[in-house]
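The structure's right below; bear with me while I get my questions together.
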Amino acid sequence: MRGRKWLTYFVILAIVLVIPTVVLAAEEQASPNFGVWSLLPPVLAILLAFVTRQVVLSLFIGAWVGVTMLDGGNVFKAFLDTLSKYLVGALTDSFHAGILIFLMVLGSVVGIIGRMGGTKALAESIAKLAKNERLAQVAAWLLGIFVFFDDYANAVVVGPTMRPLFDKYKISREKLAFIVDATAAPITGIAIISTWIGYELSLIKDAYSELGLQVSAYSVFWSSIPYRYYELLMLLMVGLLAFMGRDFGPMWRAEYRARSTGKVLDDDARPIAANIKMEQVYKGEKTAKAYNALIPILLLIVSSLAALWYNGGGPSLPFTFEGIREAFSNADSSVAILWATVFTVIVTGVMAMSQRLLDLQDTMDAFIEGAASMVPALMILTLAWTISGVVNDLGTAHYLVGVLSETLPAYALAPLVLLVASLVSFATGTSWGTMALVMPLAIPLAYHIDPNVMLPVVGSVLAGAIFGDHCSPISDTTIMASMSSACDHIAHVKTQLPYALTIDGISLVLYFLAGLITGWWLQLALGVLAVFAVVRFIGKPLPPAEQ
């Protein structure tokens with residue numbers, strides 16, 4: 001049986017390596033237009049990841065196949081180019097390098113906190129307030145909304161903080177990863193001060209300027225928030241699932257497993273971060289204190305805000321709401337959060353040694369072990385960036401937009417744009433790349449068809465882009481959510497995808513209504529009712545955890 005499985009994998013690999021060669025042999029153009037074949041690498045990577053559960057291998061094969069297509073079918077040259085051009089290119093990008101170092105240092109912060117008993121003590125303190133599994137999930141949801149200013153910071157703060165509490169109440173890692181992921185990009189994308197807003201405002205301004213329209217990009221952004229159905233309704237769904245104690249689909253099965261057997265991970269799960277039980281690490285004689293975790297976490301949040309403000313030119317801007325917003329918009333988030341994390345790890349180490357909880361050797365051991373626990377996540381993240389570069393060169397996103405962006409009646413434009421943005425973001429795993437591609441096409445199209453649908457169209461571009469950022473298996477924030485929750489990555493994707501598709505489907509209907517009925521409040525009210533109905537009537541209650 002095992003031999004047959006490996007034979008199947010070999011046949012799949014052989015076929016997918018031959019296909020690009022055959023296709024390109026039939027192409028006689030100097031610059032081939034790959035068309036529908038441009039979808040092959042991302043689709044292949046996603047399918048192989050689900051079938052084999054080997055994310056690293058699947059991403060590499062997907063990238064290799066894509067480069068084989070770009071290299072005219074030369075498999076050997078493509079293998080070398082995948083490594084030298086795309087993999088090394090992903091690592092030499094300054095933004096990517098900053099994120100990788102930031103994640104390693106963050107792992108060190110978590111390692112030191114756990115070694116001095118802070119994580120265990122904080123979980124016990126929160127448990128006094130969150131006295132059951134429902135309140136624990138509500139606490140994680142609220143913490144995710146609280147860390148609104150950056151999706152990366154959000155993803156890596158909520159998971160390690162709430163993981164011990166979720167384990168105590170036998171809540172599955174899949175559910176923790178979902179809550180982390182569903183409150184990262186969705187809240188950051190609509191926050192009026194965040195690392196995203198400057199990028200979103202620049203795209204809106206440029207698209208309107210091309211039409212000769214002088215508008216306030218911030219005003220357009222603000223007015224589009226009621227039409228950001230995916231983000232708003234996803235945040236609502238997370239809260240309702242927690243409050244009502246219901247789930248459906250693969251998530252319900254994961255939760256039932258955890259509640260009935262106590263297994264927060266499936267037997268064959270492969271967490272992409274070291275599953276360190278922090279409460280077992282601390283071996284000191286002193287009573288563990290919650291502030292040894294709370295202070296570093298708050299320090300990370302506050303110092304991240306300060307670093308974003310400083311990096312974005314805050315000292316030269318007026319200290320007003322507009323000045324702070326502009327500074328956040330100008331900031332390089334990868335550099336700013338790296339500054340904040342290094343500062344946090346230094347303070348955390350000093351705290352451990354000054355209280356005589358750890359000596360210098362123990363602190364450095366915790367530092368190194370914490371950083372090492374991030375290596376699997378760093379590998380996946382790097383390969384996700386690698387395949388993203390490949391599909392960009394193949395023109396995958398351009399193909400999807402070209403196929404789907406035909407002239408339509410006004411009421412169908414926003415739903416079509418949502419569909420295009422969702423497909424592009426899911427296939428490429430990047431929200432910002434999707435925004436950059438779709439926004440300049442969607443706004444002029446809306447203006448020429450019917451200016452009254454421009455705001456819903458702006459909202460649908462940004463919402464669809466965040467859909468893929470939230471649930472694509474090759475999205476960096478999806479990977480980081482799995483990493484910070486110590487969850488099997490494919491299990492995380494499988495369990496949250498039905499929720500993401502449900503909200504995207506509801507959003508699709510609401511965008512149709514937005515083209516027919518004026519007044520955003522009615523569509524949003526219908527969306528709220530639809531989400532409540534799904535949770536109440538499709539969701540099933542869960543049994544209490546076995547004690």
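Once the Cα gyration tensor of the chain is found, what semi-axes does its equivalent ellipsoid get, as square roots of 5 times the eigenvalues, in whole Å, sorted largest first?
Semi-axes, largest first: 36, 29, 25 Å.
Order by neighbour count: D268, D488, fewest other Cβ atoms within 10 Å first, most last.
Ascending Cβ contact count within 10 Å gives the list D268, D488.
Would you order S354, S472, S484 from fewest to most other beta-carbon atoms within 10 Å of each residue's own beta-carbon?
In order of increasing Cβ crowding within 10 Å: S354, S472, S484.
Can you tell which of L522, S485, V391 lies farthest toward the positive end of the dipole of the chain, using +1 and -1 charges on the Cβ of basic and acidic side chains (Lys, Arg; Asp, Glu)?
Ranked along the dipole, the leading option is S485.
How high is the relative contact order of the range 415-459? Use alpha-carbon pairs under 8 Å, at least six apart in sequence, and give a whole percent. Display every interim value, and only then the final one.
On the way: 22 pairs, mean separation 14.1, N = 45.
In percent, rounded to a whole number, it is 31.
Starting from the exponent 0.38 and prefactor 2.2 Å, build the expected Rg for the range 132-175 from its residue count and divide its actual Cα Rg by it.
Scaled against compact globular proteins, the figure is 1.11.
Based on the Cβ-Cβ distance of W521 and V302, what FRET efficiency does E = 1/(1 + (r/R0)^6) give at R0 = 41 Å, to the nearest 0.05?
The pair W521/V302 has a calculated efficiency of 0.70.
Additional query: For the range 422-547, rounded, prolate or oblate, judged on the Cα gyration tensor with a ≥ b ≥ c (square roots of eigenvalues), a/c < 1.5 rounded, else prolate if a/b > b/c?
It comes out oblate by the Cα gyration axes.
Where in the chain are the DSSP H helices whose C-alpha atoms run 27 Å or more along the long axis and whose mean Kyte hydropathy is at least 0.5?
Both cut-offs are met by 2-26, 94-115, 291-311, 333-354, 375-394, 410-428, 489-514.
How are the Cα pair distances of the range 90-163 distributed, in percent, across 10 Å bins from 0?
17, 40, 31, 10, 2
What is the range 36-92 by shape, rounded, prolate or oblate, if you read a ≥ b ≥ c off the alpha carbon gyration tensor as root eigenvalues and call it rounded for a/c under 1.5, prolate for a/b larger than b/c, and oblate otherwise?
Since a/c reaches 1.5 but b/c is at least a/b, the shape of the range 36-92 is classed as oblate.
What share of Cα pairs, in percent, lie more than 29 angstrom apart in the range 333-476?
40
Arranged by the count of other C-beta atoms within 10 angstrom, fewest first, what order do Y511, Y208, Y256, Y86 take?
Ranking Y511, Y208, Y256, Y86 by Cβ neighbours within 10 Å, fewest first, gives Y256, Y208, Y86, Y511.
Using the structure shown, select from K120/K168; K128/K263; K170/K263; K120/K170; K128/K175; K170/K289 the pairs with a Cα to Cα distance greater than 19 angstrom.
Details: K120/K168 10 Å; K128/K263 23 Å; K170/K263 7 Å; K120/K170 16 Å; K128/K175 21 Å; K170/K289 23 Å.
With Cα atoms farther than 19 Å apart: K128/K263; K128/K175; K170/K289.
A short reminder: the numbers here are calculations on the coordinates, not readings from a lab. Here the structure is a predicted model, which is why all the values come from computation and not from measurement. Here the Cβ is made from the backbone with ideal geometry for all residues, glycine too, and neighbour counts use every protein chain on show.
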